[in-house]
Amino acid sequence: MKKAILLTSALFFGLSSAAVMADDDVRLDEANQLIEQGTIKQFEELNQKALSVQPGTITDTDLDKHYGRYVYQVEIKDAQGQEWDVDLDASNGEVLEHKQDD
């Protein structure tokens, strides 16, 4: 019985920590340090890349760390009022995802 409880607890804590590590918001001061270090691209450059993929107006941006990769998420509203999500690898500007928002 103790083994089952220990195993269940270990599994729970393992999954919890994986979820925390999977998606962490990056604070602005951290982001500025990453830009200065050259780890990620300037936000203006990433914004221009997102707008080249999906023309419109940027309504929101967010920088997260997913499984060790910095992901810059951009929400864009197009001329027809549709909302789009463009996710970029913040280190090189590669488009990771481009989809219409639900």
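Ranked from the most accessible area to the least, with a 1.4 Å probe and all protein chains present, what is the order of L34, L51?
Working: L34 20, L51 45 Å².
The ranking, largest first, comes out as L51, L34.
With a simple spin-label model that places each label point 7 Å from the Cα along the Cα-to-Cβ direction, the separation between E97 and T39 comes to 2.2 nm. Taking chymotrypsin sites (Phe, Trp or Tyr not before Pro) across region 50-102, the ones in a DSSP loop with at most 15 further Cβ atoms lying within 10 angstrom of their Cβ are Y67.
Derived scalar couplings between HN and Hα for region 87-102 equal 9, 10, 6, 5, 7, 9, x, 4, 6, 9, 7, 9, 8, 6, 6, 7 Hz in order, rounded to whole Hz, by the Karplus curve 6.51 cos²θ - 1.76 cosθ + 1.60 (θ = phi - 60°), x for Gly and Pro.
The values are calculated or read from the model by the stated rules, or taken from the named source; none is laboratory data. Values in this document were obtained by computation on a predicted structure and should not be read as measured data. Neighbour counts run over all protein chains shown; Cβ positions are idealised from the backbone, glycine included. Ligands, DNA and RNA are excluded from the accessible area calculation, which covers all protein heavy atoms including side chains. Shrake-Rupley method; radii C 1.70, N 1.55, O 1.52, S 1.80 Å.
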